[in-house]
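Chemist: This structure is in structure tokens; I'll ask about it shortly.
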Amino acid sequence: MRLRTLLRPTGLLAAAGLLLLTTTPAAGAATGPGPGVGWIRVGHLSPGVPPVDIYFAPFGQPGKVVIRKAGYGAVTPYSSLDPGRYTLSMRPADAAPTTAPALSATISVEQQTAHSLLVFENGPDQTLRGTLVTDDLTAPGPGKGRVRVVEGSATPAPVTVGGPDGMALATNAAYGDTTPYAEVPEGIVPVQLTSGSVKANADVPVAAGSSTTLLVTQDNGALKATPISDGADLPNPPKLGVETGGGGTASGGDHSEPWFAAGVVVFLLVLVLTPLVRRIREGRAR
Amino acid sequence: MRADLIRACCAVVLACAACAPAPSTVVPATTPASPPVTTATEPRGSVGPLPPAADVSPVRLTIPEIGIDVRGLVPLALGPAHELQAPASFADVGWYAAGPAPGDPGPAVIAAHVDSRSGPAPFFRLRELRPGDEVRVERSDGAAARFVVDAVQRYPKDAFPTDTVYGPAPGAALRLITCGGAFDAAARSYRDNVVVYASTRWT
């Protein structure tokens with residue numbers, strides 16, 4: 001009798017429905033946005049200005065020191081930020097936070113952007129001036145990297161920067177200039193800095209998929225070139241998703257193994273077919 | 001491109017023009033209009049080969065919020081379909097060794113299983129992370145990188161946004177990846193991937 005109860009079609013359908021539930025994908029996963037942050041960094045490119053402390057806060061809030069004693073030529077690491085308005089200020093190193101800042105800027109950060117706030121002494125009467133440059137967030141061509149020049153040398157200036165095979169990365173760049181990016185092949189890129197009779201050489205490592213700023217600074221009448229990273233992509237990025245699960249905690253646990261599903265189907269078939277066969281036999285017997 | 005630049009430049013506003021010791025201003029960047037051109041600069045030759053990259057790897061992953069403290073990460077490579085291969089052992093945490101090491105500029109990738117065939121695996125609680133949570137990575141060179149979670153997303157594997165997840169990042173970024181969503185018993189595979197985006201911050 002118990003078998004008969006199980007054989008009712010409603011029970012059969014319910015069992016089949018249960019099986020379907022564990023294999024039907026759940027709704028809700030959407031191709032959503034990425035991280036939704038922007039990036040900022042700050043560079044001290046004022047040779048006549050002693051080291052500074054860099055203060056930072058969301059707009060309207062009291063600034064907190066985020067970088068201490070950044071001297072001439074220093075560029076901070078990038079910080080990611082939620083989109084919004086922020087205030088960046090600089091005070092002489094160890095000055096009280098209550099003192100008036102030497103420079104203060106309010107920056108509006110949007111997602112998927114990167115900027116460098118570079119501080120030069122090129123305002124009126126050699127006052128400090130912050131220049132916000134846009135940093136590259138696009139991938140260079142296959143096997144290539146990008147290089148640009150930030151001219152941070154007040155004397156000597158202007159500066160011409162020659163790249164590999166006669167390529168010019170900067171031509172008579174004035175103090176405070178940022179050149180557009182130039183694409184170069186991956187490798188050690190030889191560069192030559194020239195300002196009048198002052199010359200200097202540098203070798204700049206450039207990886208494919210990366211962007212580099214070549215920072216030109218003055219050093220007791222000489223020129224110095226320092227490469228800093230403007231970011232990198234993932235060389236040879238994977239495609240598709242990642243198979244990182246065995247299903248042991250999925251709804252149904254081990255029951256989601258395929259042999260179990262097959263087993264359930266066989267069991268249901270036996271349940272349905274057995275009485276049919278029996279009825280047919282009984283019918284024949286009569 | 002140019003419109004973007006102008007918009008970005010306009011975003012800077014002068015906030016303090018009367019500060020000691022001298023007035024300061026913030027101005028938009030001025031970039032030369034012409035692209036680089038070939039000149040008579042004394043050439044120094046051609047681009048030479050890069051030396052082998054420094055062999056830096058992550059050695060410890062700590063995510064206090066979900067009780068993860070794993071030592072001994074395993075390197076991960078790409079499979080035949082150019083897909084990122086999961087750690088061979090359900091118990092391991094792996095990192096994509098062809099990408100940047102966590103803490104270097106660009107998107108570093110760390111992946112682990114959400115479960116084995118019998119129970120939870122290291123990234124079982126990854127989906128519980130929320131923006132602002134902390135992720136720490138110790139490296140073989142002794143450096144330590146601290147990341148802050150920016151977002152937690154779930155993507156169907158058949159619509160995995162490769163460019164979003166693996167696209168360029170200016171600073172040090174981290175992508176933690178595991179499985180999520182419904183389990184497809186026939187394919188023995190979860191339908192979705194959970195991706196945690198994290199990045200380095202000053203504060």
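The values are calculated or read from the model by the stated rules, or taken from the named source; none is laboratory data. The model shown is predicted, which means the values in this text are computed figures rather than measured ones. Note that we place each Cβ from the backbone using ideal geometry, even for glycine, and neighbour counts take in every protein chain shown.
Chemist: Taking the range B:87-101, which residues are farther than 26 Å from A:S229 by Cα and surrounded by 23 or more Cβ atoms within 10 Å (Cβ to Cβ)?
Modeler: Within the range B:87-101, B:V93 is the sole residue that qualifies.
Chemist: Hey, among A:S108, A:S104, which residue is surrounded by fewer than 22 Cβ atoms within 10 Å (Cβ to Cβ), in contact with a Cys (Cβ under 6 Å, 6 or more places away or on another chain) and outside any loop (DSSP other than H, G, I, E, B)?
Modeler: Answer to the selection: A:S104.
Chemist: Then there's this: Between residues in the range A:104-124 that are without any contact (Cβ under 8 Å) to a residue 40 or more places away in the chain and at the interface with another protein chain (Cβ under 7 Å from one of its Cβ atoms) and residues that are part of a loop (DSSP other than H, G, I, E, B) and not aromatic (F, W, Y), which pairs lie under 6 Å by C-beta distance while being six or more apart or on different chains?
Modeler: So the pair list comes out as A:S104/B:A15; A:S104/B:C16; A:A105/B:A15; A:S108/B:A11.
Chemist: Test of understanding: among B:F123, B:F147, which residue is in a loop (DSSP other than H, G, I, E, B), of a type in the set (A, V, I, L, M, F, W, C) and surrounded by 19 or more Cβ atoms within 10 Å (Cβ to Cβ)?
Modeler: Every option except B:F123 fails the conditions.
Chemist: What number of residues in the range B:44-85 are within 14 Å of chain A (Cβ to nearest Cβ), more than 17 Å from the chain's Cα centre (by Cα), part of a loop (DSSP other than H, G, I, E, B) and touching a residue at least 12 places away in the same chain (Cβ under 8 Å)?
Modeler: 1
Chemist: Identify all residues within the range B:157-203 that are within 10 Å of the chain's Cα centre (by Cα) and assigned to a strand (DSSP E or B); write none if there are none.
Modeler: Matches in the range B:157-203: B:A169, B:A172, B:A173, B:L174, B:R175, B:L176, B:V196, B:Y197, B:A198, B:S199.
Chemist: Would you mind stating whether A:S195 is of a type in the set (G, A, S), buried (at least 20 other Cβ atoms within 10 Å of the Cβ) and under 18 Å from B:G48 (Cβ atoms)?
Modeler: When the stated conditions are applied, A:S195 does not pass them.
Chemist: Hey, among A:L88, A:L103, A:L81, A:L137, which residue is of a type outside the set (F, W, Y) and within 29 Å of A:N201 (Cα to Cα)?
Modeler: It is A:L137.
Chemist: For A:D136, state whether it is within 30 Å of the chain's Cα centre (by Cα), surrounded by fewer than 21 Cβ atoms within 10 Å (Cβ to Cβ) and at negative phi.
Modeler: Yes; evaluated as a whole, the condition is true for this residue.
Chemist: Please find, among B:R188, B:R175, B:R136, the residue that is at pLDDT 95 or above and either at the interface with chain A (Cβ under 7 Å from one of its Cβ atoms) or surrounded by fewer than 19 Cβ atoms within 10 Å (Cβ to Cβ) (or both). So that I can check it myself, show each step before the final result.
Modeler: Values: B:R188 fails: at pLDDT 95 or above; B:R175 fails: either at the interface with chain A (Cβ under 7 Å from one of its Cβ atoms) or surrounded by fewer than 19 Cβ atoms within 10 Å (Cβ to Cβ) (or both).
Within the list B:R188, B:R175, B:R136, the selection yields B:R136.
Chemist: Select from the range A:135-151 the residues that are of a type in the set (D, E), at pLDDT 90 or above and outside any strand (DSSP E or B) and list them in ascending order.
Modeler: Selection gives A:D135 alone.
Chemist: When you scan the range B:48-70, do you find a residue that is within 30 Å of A:V119 (Cβ to Cβ), modelled with pLDDT under 95 and either in contact with a strand residue (DSSP E or B) (Cβ under 9 Å, 6 or more places away or on another chain) or surrounded by 15 or more Cβ atoms within 10 Å (Cβ to Cβ) (or both), even just one?
Modeler: no
Chemist: Further question: The conditions are (1) at pLDDT below 95; (2) surrounded by 19 or more Cβ atoms within 10 Å (Cβ to Cβ); (3) more than 28 Å from A:A250 (Cβ to Cβ), and A:W39 fails exactly one of them. Which is it?
Modeler: The single condition A:W39 does not satisfy is (1).
Chemist: Related question: Among (1) over 20 Å from A:N122 (Cα atoms); (2) buried (at least 19 other Cβ atoms within 10 Å of the Cβ), which single condition is A:L214 missing?
Modeler: Tallying (1) over 20 Å from A:N122 (Cα atoms); (2) buried (at least 19 other Cβ atoms within 10 Å of the Cβ), A:L214 fails exactly one: (1).
Chemist: Starting from residues that are of a type in the set (D, E, K, R) and at pLDDT 95 or above, keep the ones in the range A:63-100 and report whichever is farthest from A:D136 (Cα to Cα).
Modeler: The extreme case among them is A:D94.
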